[in-house]
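Report on the following structure.
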Amino acid sequence: MKKTVMIASVAAMLVSVSLPVAAHAGAESRCKSCHSFTDKNKNGPGLKGVFGRTAGTHAGYKYKFTKYIKGEPWVWDEEHLRAWMLDSRKAVKKFTGNPKAKTKMGPQHVKGAKADEIIAFLKGLK
Ligand code: HEC
């Protein structure tokens with residue numbers, strides 16, 4: 001009986017330890033083909049510090065969506081990131097208020113727990 005309890009708690013520990021790693025792997029597998037998690041630009045802009053950053057302002061990156069921004073650009077908070085990861089093509093129209101707005105990033109259809117993980121991961125990139 002005692003053994004079972006111990007095994008169960010060790011298993012629980014392993015699960016809690018491996019969660020951040022899983023979040024990292026999730027984010028990487030979905031985003032890293034186009035984004036670095038540093039300042040470096042790849043196909044997409046570097047995502048280090050993206051949480052809280054004003055959209056379209058990463059140094060040295062040539063954005064497509066910025067030319068559709070009329071007023072104040074938005075800041076990448078939870079709400080904007082969630083909509084963007086789900087469907088960037090739809091989100092860019094909403095954020096700019098321009099139905100013709102386009103972005104180079106295709107829809108990723110990331111939502112739910114996966115989106116939560118990635119947002120938590122992006123928040124930690126400082
Ligand atoms: C197939 C390539 C590709 C994938 C995969 C991809 N992106 Fe992008 N992403 C881009 C490109 C290209 C841009 C620049 C868009 C533009 O200029 O219109 C971009 C822009 C962004 C921006 C805007 C950043 C800024 O500086 O304003 C965010 C945020 C972002 N991506 C998040 C993500 C996240 C999170 C994932 C993973 C769920 C992801 N992207 C997956 C290609 C990709």
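Rule-based calculations on the coordinates, nothing more; no lab input. This structure is a prediction, so every number in the text was calculated from the model and none was measured. Quick reminder, even Gly has a Cβ in these numbers, built from the backbone with ideal geometry, and neighbours come from all protein chains shown.
Observations on the model:
- For the range 63-126, Kirkwood radius (reciprocal of mean inverse C-alpha pair distance, Å): 12.2 Å
- Span per principal axis, largest first, for the Cα atoms of the range 26-87 (Å): 33, 25, 19
- Measuring r between the beta carbons of residue 61 and residue 109 and using R0 = 25 Å, the FRET efficiency lands at 0.60.
- Note on residue 38 and residue 102: the model spin-label points, each 7 Å out from Cα along the C-beta direction, lie 3.2 nm apart.
- Long-range HN-HN contacts of residue 75 with modeled amide H, under 5 Å: 55
- Per-residue HN-Hα couplings for the range 47-55 [Karplus 6.51, -1.76, 1.60; θ = phi - 60°; Hz; x = Gly/Pro]: 9, 4, x, 5, 5, x, 7, 6, 4
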